[in-house]
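Beneath this line is the structure, given in C-alpha coordinates, with notes to follow.
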Amino acid sequence: TCAPCQVRCYHRRQGGREAVFGVQFHTGTLRGPHLRLPRDELDLAWQDQRFPPDATVEFIFSSGPERVEG
(Lines give C-alpha, C1' and ligand atoms only; values in the text may rest on other atoms or scores of the structure.)
Protein backbone atom coordinates (compact mmCIF):
# COMPACT_ATOMS: atom_id res chain seq x y z
CA THR A 1 0.00 0.00 0.00
CA CYS A 2 1.31 3.44 -0.89
CA ALA A 3 1.48 5.99 1.89
CA PRO A 4 3.35 9.09 3.02
CA CYS A 5 6.29 8.33 5.27
CA GLN A 6 8.32 10.48 7.65
CA VAL A 7 11.67 9.37 9.09
CA ARG A 8 13.64 11.16 11.81
CA CYS A 9 17.11 10.10 12.90
CA TYR A 10 18.39 11.09 16.34
CA HIS A 11 21.75 11.02 18.09
CA ARG A 12 21.33 9.75 21.62
CA ARG A 13 23.16 11.87 24.17
CA GLN A 14 23.41 11.81 27.89
CA GLY A 15 20.33 13.61 29.11
CA GLY A 16 18.38 13.41 25.85
CA ARG A 17 18.69 13.21 22.11
CA GLU A 18 19.55 15.51 19.22
CA ALA A 19 17.81 15.39 15.85
CA VAL A 20 20.37 14.63 13.13
CA PHE A 21 18.16 14.62 10.03
CA GLY A 22 14.63 14.08 8.86
CA VAL A 23 13.05 13.22 5.54
CA GLN A 24 9.56 12.79 4.13
CA PHE A 25 8.61 10.82 1.03
CA HIS A 26 5.69 8.95 -0.43
CA THR A 27 6.11 5.20 -0.82
CA GLY A 28 4.32 5.42 -4.17
CA THR A 29 7.37 7.20 -5.60
CA LEU A 30 9.76 4.34 -4.80
CA ARG A 31 11.20 2.46 -7.76
CA GLY A 32 12.74 -0.63 -6.19
CA PRO A 33 13.91 -1.43 -2.65
CA HIS A 34 16.53 1.34 -2.39
CA LEU A 35 16.13 5.05 -1.74
CA ARG A 36 19.31 7.13 -1.65
CA LEU A 37 19.07 10.78 -0.67
CA PRO A 38 21.86 13.35 -0.83
CA ARG A 39 22.57 15.75 2.04
CA ASP A 40 20.75 18.63 0.39
CA GLU A 41 17.46 16.66 0.49
CA LEU A 42 17.66 15.95 4.25
CA ASP A 43 16.02 18.30 6.75
CA LEU A 44 18.58 19.71 9.20
CA ALA A 45 21.57 17.95 7.58
CA TRP A 46 21.52 20.07 4.40
CA GLN A 47 23.02 22.98 6.33
CA ASP A 48 25.01 21.02 8.94
CA GLN A 49 28.74 21.29 8.24
CA ARG A 50 29.36 18.04 10.15
CA PHE A 51 28.04 16.29 7.03
CA PRO A 52 30.38 16.35 4.04
CA PRO A 53 28.87 17.90 0.88
CA ASP A 54 28.69 14.48 -0.82
CA ALA A 55 27.04 12.69 2.15
CA THR A 56 24.03 10.47 1.42
CA VAL A 57 21.57 8.41 3.41
CA GLU A 58 20.36 5.13 1.95
CA PHE A 59 17.16 3.36 2.94
CA ILE A 60 16.72 -0.30 2.03
CA PHE A 61 13.17 -1.63 2.15
CA SER A 62 12.11 -5.26 2.37
CA SER A 63 8.95 -7.23 3.00
CA GLY A 64 10.59 -9.29 5.74
CA PRO A 65 13.25 -9.20 8.47
CA GLU A 66 16.07 -10.60 6.32
CA ARG A 67 19.48 -9.04 6.76
CA VAL A 68 20.96 -7.07 3.86
CA GLU A 69 24.65 -7.61 3.22
CA GLY A 70 26.98 -4.75 2.40
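The values are calculated or read from the model by the stated rules, or taken from the named source; none is laboratory data. Fair warning: this is a prediction, and the values are worked out from it, not measured in the lab. Here the Cβ positions follow ideal geometry from the backbone for every residue, glycine too, while neighbour counts run over all protein chains shown. Surface areas here come from the heavy atoms of the whole protein model, side chains and all, with no ligands, DNA or RNA. Shrake-Rupley method; radii C 1.70, N 1.55, O 1.52, S 1.80 Å.
Here are a few things to note about the model shown:
- Residue check, R67 open to solvent by 100 Å² or more (accessible area, probe 1.4 Å) and either among the aromatic types (F, W, Y) or in a strand (DSSP E or B) (or both): no
- Counted residues, region 9-36 - those being open to solvent by less than 70 Å² (accessible area, probe 1.4 Å) and assigned to a helix (DSSP H, G or I): 2
- Members of region 37-64 found to be surrounded by 10 or more Cβ atoms within 10 Å (Cβ to Cβ) and either small (G, A, S) or part of a helix (DSSP H, G or I) (or both), listed by number: R39, D40, E41, A45, W46, Q47, A55
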